[in-house]
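Trainee: Below you will find the structure I want to go over with you.
The values are calculated or read from the model by the stated rules, or taken from the named source; none is laboratory data. None of these values were measured; they are calculated from a predicted model. Positions of Cβ are generated from backbone atoms using ideal geometry, with glycine treated the same way; all protein chains shown enter the neighbour counts.
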Amino acid sequence: MEYEDRVRISTPEGVDVELTLAGIGSRFIAAILDAMIQGGVLLGAALLLGVTGDGDASGFAVAAFSVIFFFVFFGYDVLFEVRSRGRTLGKRWTGLRVVRTGGRPVTFVPSCVRNVMRVVDILPALYAIGMLSIFVTNRNQRLGDLAAGTLIVRDRPGSFKSADAPWGSPVRAEGWDVSAVTARDIGTVRQFLGRRNDLAAGPRAELASELERRLRPLVAGAPEHLDAEEFLERLSSAKA
């Protein structure tokens, strides 16, 4: 049986969901993949600018390479974490994601904090401090994660048929009897549909499934083949 570290969080909608924390092995592999990409970019920049370590490079070339090095070392992770919902290329390939401790996507400031703290986590070599912190913390957090309030979690496989649709999408629910669904229930559904794109994949799927489990018995005429989010979208439309 595979052992997994999990953390339970409470969403603003009042539903508890579980996130599967990334272990040190998968994090290390993701870091190696990202380091290879960053190294390739820096090697290309060095060759282009003629900064090869033989002492013949101009002062401008050295200065330009220093700027590029800074942005690649720090900016690579921040750019992908903010623009790609917590996933650098290495994390995408290993099925990992950075999220806030409440399960929401990481934003610019927390991403900057966790990546600036990398200069401490990397000491004295090979992320020794960071790995020690991951081992001793309850949520597998390095110092950068502790400072920024972030977690590294595993993405849950699966797709959403209506991943980007707002709750007001023109879906139909003819023949549904939703009289047993209360206004409070439908308010919770619309809260979820309006904010689902701010949730990581894991808590999003858990919350949608929990809402469907609670509300489907109250609805007559809903087809069984609908996935959780499509059911909730149509329920919202039917109760308008």
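Trainee: Given the conditions (1) under 22 Å from Ala22 (Cα atoms); (2) touching a helix residue (DSSP H, G or I) at 6+ places or on another chain (Cβ under 7 Å), report the number of the one that Ala45 does not fulfil.
Mentor: Status for Ala45: all satisfied but (1).
Trainee: Moving on to the next point. Please go through segment 86-122 and pick out each residue that is more than 21 Å from Gly23 (Cβ to Cβ) and either under 9 Å from the mean Cα position of the chain (by Cα) or in a helix (DSSP H, G or I) (or both).
Mentor: Start the filter on segment 86-122 by keeping residues that are more than 21 Å from Gly23 (Cβ to Cβ), which leaves 102, 104-105, 107-113, 116, 119-120.
Passing the criteria: Arg104, Pro105, Phe108, Val109, Pro110, Ser111, Cys112, Val113, Val116, Val119, Val120.
Trainee: What residue, of Leu33, Leu47, is of a type outside the set (Asp, Glu), in contact with a Ser or Thr (Cβ under 8 Å, 6 or more places away or on another chain) and part of a helix (DSSP H, G or I)? Walk me through how you get there before you give the answer.
Mentor: Values: Leu47 fails: in contact with a Ser or Thr (Cβ under 8 Å, 6 or more places away or on another chain).
None of the others qualify; the one that does is Leu33.
Trainee: Taking the condition under 27 Å from Arg27 (Cα atoms) and assigned by TED's automatic domain parsing to the domain that holds Val106, does Leu79 pass?
Mentor: On the way: under 27 Å from Arg27 (Cα atoms): yes; assigned by TED's automatic domain parsing to the domain that holds Val106: yes.
Criteria met by Leu79.
Trainee: Now for a different question. Cβ-Cβ under 6 Å, sequence separation 6+ or interchain: first residue in segment 118-141 and free of Cβ contacts under 8 Å to residues at least 24 places away in the same chain, partner outside any helix (DSSP H, G or I) and aliphatic (A, V, I, L, M). Which pairs?
Mentor: From residues that are free of Cβ contacts under 8 Å to residues at least 24 places away in the same chain, the pairs are Ile129/Leu123.
Trainee: Turning to a different aspect of this structure: Can you tell me which residue among Ala125, Ala63, Ala57 is assigned to a helix (DSSP H, G or I) and among the aliphatic types (A, V, I, L, M)?
Mentor: The unique qualifying residue is Ala63.
Trainee: Further, regarding this structure: Is it true that Val153 is surrounded by 13 or more Cβ atoms within 10 Å (Cβ to Cβ) and in contact (Cβ under 8 Å) with a residue 40 or more places away in the chain?
Mentor: Values: surrounded by 13 or more Cβ atoms within 10 Å (Cβ to Cβ): yes; in contact (Cβ under 8 Å) with a residue 40 or more places away in the chain: yes.
So Val153 fits the description; yes.
Trainee: Applying the selection to segment 74-91, what residues are at pLDDT 90 or above and surrounded by fewer than 18 Cβ atoms within 10 Å (Cβ to Cβ)?
Mentor: Result: Gly75, Leu79, Leu89.
Trainee: Same structure again: From the set of residues in segment 128-143 that are farther than 15 Å from Phe28 by Cβ and in a helix (DSSP H, G or I), which is modelled with the lowest pLDDT?
Mentor: The residue in question is Val136.
Trainee: Hand me the list of helices (runs of 4 or more DSSP H) wholly inside segment 170-240 holding 1 or more residues that are more than 30 Å from Thr20 (Cα to Cα). Break it down into steps so the answer makes sense when it comes.
Mentor: On the way: elements: 183-195, 201-215, 228-238.
Counting at least 1 such residues, we get 183-195, 228-238.
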